[in-house]
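What follows is one structure encoded as structure tokens, with my remarks underneath.
The values are calculated or read from the model by the stated rules, or taken from the named source; none is laboratory data. Small disclaimer: the values here were computed from a predicted structure and weren't measured. Every residue, glycine as well, gets a Cβ built from its backbone with ideal geometry; the counts of neighbours run over all protein chains shown. Just the protein is used for accessible areas: all its heavy atoms, side chains included, with ligands, DNA and RNA removed. Shrake-Rupley method; radii C 1.70, N 1.55, O 1.52, S 1.80 Å.
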Amino acid sequence: MSWQMALEYLRTLIWPAVVLTLGFTFRKQLASLFGRVESVETPLGTVAFEKQADAVAQEAAQIESEMAGQLAAAGTTQPEEQDTETPETPSREPQQNKRPQGASSDFSDLFELAETETTAAVMAAWREVEKALKAAGAKHGIARVSSRALANMGLLSDELARSVEDLRHLRNRVVHEGDILLTKSGARSYITAAQRIVEALELSQDPRFQALQYERSIVDALGRAGLPAEPGYRDDEFDAYGQTPTGTKIAVEIRFRRRGVLQMRDIDKVVSKLPSVAMNVLIVTNAPLSEEVHEFNRTYDARPQCEVVQWQGDEDTSLLVRAIGRLAG
């Protein structure tokens, strides 16, 4: 073997030998480092994740604050459980706004968990959001609930639904996409965002707030159905008023229900004043219609005209279109 070949072998073997020697010498320090690898990440990725989580937290807090302000302005509060046959509508009397009973989830354990298990803390925080979504869906008989499904029914604002989806995306980056290795501060930011969203979700399930949200959704849906409408004032006879392109004026009564079906006795007051009303009337509800109400729709032929429609989301807008067409004819 020539000395040149021997030198090449030496060069090839020296670095593995050095690495093995250092590894054996500093094995305890290396084990500690790899134990903490979950909290190490490239600076740009860490900053991006943490900033996104902080942005979601700020947006959710703002949404919650706006909801609380809307409830206070409407003079509403969390009502006692009412009889299943009694429709729930916003109160006309000013009262102190309160949080729903049982709100809000305790996230203190998750902040502690983030000090040692960042990924586990993020997953647990997202489960709290899922739990809040399922609780909201259960109140309305939705089996496969999502933020978008609740928003489509007018029971969740589009802004809050987007915040939930943003948080879901961040969770998926950590768990599925694997492009995030969490720092403790990033995990804490995520938990804070989840806590703010859960608090906003809990407040959004206040039935008085849901009634207000549903009314706004109906006004928007009426516009898409060909009846540009404006909400009525507190002392008005109806909740909204609109006019078709042909000039037909239609008054709108909105009945939000948390449970049960809409009975004739729920709309008797509206029906009783029809003879003195100078415009046709559309009654819109989120509740299923009883057979009595279906019979009313089939047989009522007096003037002014009146029709009752169930609207639970965009998929029901065609029902509004047909009802408006009949009332305008």
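Scan the stretch 278-289 for residues that are modelled with pLDDT of 90 or more and open to solvent by 10 Å² or more (accessible area, probe 1.4 Å) and jot them down.
Residues of the stretch 278-289 modelled with pLDDT of 90 or more: 279-289.
Within the stretch 278-289, M279, N280, N286, P288, L289 meet the criteria.
Only one of the numbered conditions (1) in a helix (DSSP H, G or I); (2) at pLDDT 95 or above is not met by K269, and that is (2). When R322, R298 are checked against the criterion of being open to solvent by 30 Å² or more (accessible area, probe 1.4 Å), under 16 Å from R224 (Cα atoms) and out of contact with any His (no Cβ under 7 Å at 6 or more places or on another chain), R322 stands alone in meeting it. All of (1) at pLDDT below 90; (2) assigned to a helix (DSSP H, G or I); (3) open to solvent by less than 20 Å² (accessible area, probe 1.4 Å); (4) not small (G, A, S) hold for K134 with one exception: (3).
So, E88, is that one assigned to a loop (DSSP other than H, G, I, E, B) and modelled with pLDDT of 80 or more or not?
It is false that E88 is assigned to a loop (DSSP other than H, G, I, E, B) and modelled with pLDDT of 80 or more.
In the stretch 152-164, of all residues being within 21 Å of K139 (Cβ to Cβ) and of a type in the set (D, E, K, R), the one that is surrounded by the fewest Cβ atoms within 10 Å (Cβ to Cβ) corresponds to D158. Can you name the number of the only condition in (1) over 15 Å from V219 (Cα atoms); (2) surrounded by fewer than 13 Cβ atoms within 10 Å (Cβ to Cβ) that V293 fails? Going through the list (1) over 15 Å from V219 (Cα atoms); (2) surrounded by fewer than 13 Cβ atoms within 10 Å (Cβ to Cβ), V293 breaks only (2). When you look at D314, is it in contact (Cβ under 8 Å) with a residue 24 or more places away in the chain, open to solvent by 20 Å² or more (accessible area, probe 1.4 Å) and closer than 23 Å to R216 by Cα, yes or no? Taking the combined requirement at face value, the residue satisfies it. Looking only at residues that are assigned to a helix (DSSP H, G or I) and among the small types (G, A, S) in the stretch 165-208, which one is surrounded by the most Cβ atoms within 10 Å (Cβ to Cβ)? By that ranking, first place goes to A194. All conditions in (1) open to solvent by 60 Å² or more (accessible area, probe 1.4 Å); (2) closer than 28 Å to L150 by Cα; (3) part of a helix (DSSP H, G or I); (4) among the charged types (D, E, K, R) hold for E215, with the sole exception of (1). Within the stretch 235-277, the set of residues being of a type in the set (D, E), surrounded by 19 or more Cβ atoms within 10 Å (Cβ to Cβ) and free of Cβ contacts under 8 Å to residues at least 60 places away in the same chain comprises D239, E253.
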